[in-house]
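Please treat every number below as a calculation from the coordinates, not as lab data. In this text the structure is predicted, and so the values were computed from the model without any measurement. Every residue, glycine among them, receives a Cβ derived from its backbone with ideal geometry; neighbour counts consider all protein chains shown.
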Amino acid sequence: MQNLLQRLAETTAFIKSKLRVAPYIGYLTGTGLGESAESMTIETTVAYQNIPHFPLSTVQTHKGRLLAGELSGCPIVAMQGRFHLYEGYSPLDVTYPIRLMQQLGVKILFLSNAAGGLNPKFNPGDIMLINDHINLTATNPLMGPNDDSWGIRFPDMSRAYNPELIAAAESAARAAGLKLRKGIYVGLTGPALETPAEVKFLQTIGAEAVGFSTVQEVIAAVHGGLRVLGLSTITNVHNPADPVPASVEEIIEVAQKAAPLLETILEGVAKKIYETEIS
């Protein structure tokens, strides 16, 4: 833990030296959704490979860049590319960007991901607000010694996804004439996609979207006192009775087409935050 704290302190000092103001919002983008961060006014760009002790993205469309600037007037730091358990990273590696954001002073975390739909009413290209999650990764970033400066030993997860931010996203969508879905996200390790039997099981336990990210980051964020807004782009919809093969290329294509919708929602939420909490 001491080595981790030292590495994080060095990473934080490096990034702070690149920032004009402390970010209020942090944004971590998912597969095919990196462009959704580029509607911000970008003042600083740093490649992950140039950040001390920072992991490197290995997944297609994860650009591996940290962006800093403003979104709807609100100071923001955005990370184009996240890290996954299936890449061989540990839960602490996966959540390293969250701990960095916490040390930078971020108060609100936006998370986006590309997910498979489990609700038969969903359609490819839909945006789902995450109102809860199920962690089926069999691991947790809080395992091991707890550092009290990061958060309490047993954080409450009953409102992991902030209701006020969800309401702000719904309001932004209505104002833009967009329809949002809402549901429960289930996190698996991947990288193999789900079998029909697994899809049926996940539907039975109440999940409405499935993916290979997000739950580790959200746990760390809640532990660190950040308010979280999570959004899943539904890239394909599973039907266990009539399974259709899904390719990564098709998933990325749908996610990229939905990125402008995601931008609109996040801009609206950031505007609300700036008007009510900062200005």
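For every other residue with a beta carbon closer than 15 angstrom to the beta carbon of Leu193, add +1 if it is Lys or Arg and -1 if Asp or Glu, then tell me the sum.
Values: positive: Lys200; negative: Glu194, Glu198, Glu249, Glu250.
Counting the neighbours of Leu193, the net charge comes to -3.
To the nearest 0.05, how large is the calculated FRET efficiency for Thr276 and Asn140 if R₀ is 30 Å and r is the Cβ-Cβ distance? Kindly include the intermediate steps, with their values, before the conclusion.
Details: r = 33 Å, r/R0 = 1.10.
Approximately 0.35, to the nearest 0.05.
If you rank Asp132, Asp148 by fewest surrounding Cβ atoms within 10 Å, what's the result? Before the final figure, lay out the partial values.
Values: Asp132 18, Asp148 7.
Going from least to most buried by this count: Asp148, Asp132.
Taking the Cβ of each residue in Thr264, Thr44 as the centre, tally the other Cβ atoms inside 10 Å and list the residues starting with the fewest.
Details: Thr264 19, Thr44 13.
Ordered by Cβ neighbours within 10 Å, fewest first: Thr44, Thr264.
Run the numbers for Leu4 and Lys182: contour at 0.36 nm per residue of separation, minus the present Cα-Cα distance, in nm. Let's see the in-between values first.
Details: separation 178, 0.36 × 178 = 64.08 nm, distance 3.61 nm.
60.5 nm is the gain from fully extending Leu4 to Lys182.
Considering only the other residues whose Cβ falls under 11 Å of the Cβ of Pro124, what net charge follows from Lys and Arg at +1 and Asp and Glu at -1?
Around Pro124, the charge tally is -2.
With runs of 4+ DSSP H residues as the only contributors, calculate the mean residue ellipticity of the chain at 222 nm using -39,500 (n - 2.57) per run, divided by the residue total and rounded to the nearest 500.
Values: 7 runs with 85 residues, N = 279.
Counting only the DSSP helices, I get -9500 deg cm²/dmol.
If contacts are Cα pairs under 8 angstrom and at least 6 residues apart, what is the relative contact order of segment 126-279 in percent? All intermediate terms of the calculation are to be shown ahead of the outcome.
Working: 193 pairs, mean separation 55.5, N = 154.
Answer for segment 126-279 is 36 percent.
Before anything else, pin down the relative contact order of the chain: Cα pairs under 8 Å, at least 6 apart, normalised by residue count, whole percent.
Taking the mean separation of contacting Cα pairs over the length of the chain, I get 26 percent.
By the scheme Lys and Arg +1, Asp and Glu -1, what is the net charge of all other residues having a beta-carbon under 14 Å from that of Ser17? All intermediate terms of the calculation are to be shown ahead of the outcome.
Values: positive: Lys16, Lys18, Arg20; negative: Glu10, Glu43.
Result for the local shell: +1.
Using +1 at the Cβ of each Lys and Arg and -1 at the Cβ of each Asp and Glu in segment 145-208, identify which of Gly190, Met157, Ile205 lies farthest towards the dipole's positive end.
Result: Ile205.
In debye, nearest 20: dipole of segment 2-278 around its Cα centre with unit charges on the Cβ of K, R (+) and D, E (-)?
Details: 21 positive and 26 negative charges, 90 e Å.
Value, rounded to 20: 440 debye.
Rank these for me by crowding, Phe154, Phe122, going from fewest to most other beta carbons within 10 Å. Don't jump to the answer; show the numbers that get you there.
Working: Phe154 9, Phe122 21.
If I rank by nearby Cβ atoms, fewest first, I get Phe154, Phe122.
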